[in-house]
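The values are calculated or read from the model by the stated rules, or taken from the named source; none is laboratory data. A quick note: this is a predicted structure, and the numbers were derived from the prediction, not measured. Ideal geometry is used to build each Cβ from the backbone, glycine not excepted, and the neighbour counts take in all protein chains shown.
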């Protein structure tokens, strides 16, 4: 697919998800709505994410693993990247993704990166946040860049790529704005949560319900079921209370 088709697909996916072109994406709500089981785990730095799609008996199950050692902005980009694999790419089943390289030689990985950038940062939404006097080549300032990335919850790298793609900045300005990201946010009064890691061991989706269903069907043992609940973040005391029927 060429870039125009990828952009079309990203905008169509926004519409499918009930999102307008000015709306920021609430990642947790989106994944729940799409019924994608998503697990956040601290992993090695060069690992972005992993996605799996399984079709069985007219039913489709989708899974994403996200590296929680990366920044929140990067995690959001990873999720959008994996959504391309899971919902747009034809004949997809499995992918381990470096994410965010925008390498035109990497085939579907480049398509997924471009899709993620457009999906998270729609053109009309970006331009609506840029003052008229900054709409031109290399006129945008740091204050506006911070406003855009904070609003859309995306990484600085993804935003700068998108701005270059839209002809708003050139490579020289990318090199400037890519420096001292946290410091710039603090100086302008923004939280730096977006630029730090987080979500360690968070699980989204019906993972717990599926585990319970397997246990009720006697396909897994009680100990296996409780181990799956521990994977969800439940502590040992809560497990013991379940075993002892403490909860009503």
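A few notes on this one:
Quick grid of which residues meet (1) at pLDDT 95 or above; (2) over 30 Å from residue 60 (Cβ atoms):
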{"position": "149", "(1), (2)": "yes, yes"}
{"position": "153", "(1), (2)": "yes, no"}
{"position": "172", "(1), (2)": "yes, yes"}
{"position": "177", "(1), (2)": "yes, yes"}
{"position": "184", "(1), (2)": "yes, yes"}
{"position": "187", "(1), (2)": "yes, yes"}
{"position": "204", "(1), (2)": "no, no"}
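- Lone qualifier among 145, 130 - being assigned to a loop (DSSP other than H, G, I, E, B), crowded, with 18+ Cβ neighbours inside 10 Å and at pLDDT 95 or above: 130
- The listed residues are 190, 151, 195, and the only one of them that is in contact (Cβ under 8 Å) with a residue 60 or more places away in the chain, more than 16 Å from residue 74 (Cβ to Cβ) and either surrounded by 14 or more Cβ atoms within 10 Å (Cβ to Cβ) or not assigned by TED's automatic domain parsing to the domain that holds residue 98 (or both) turns out to be 151.
- Some residue of region 207-222 being at pLDDT below 95 and touching a strand residue (DSSP E or B) at 6+ places or on another chain (Cβ under 7 Å): yes
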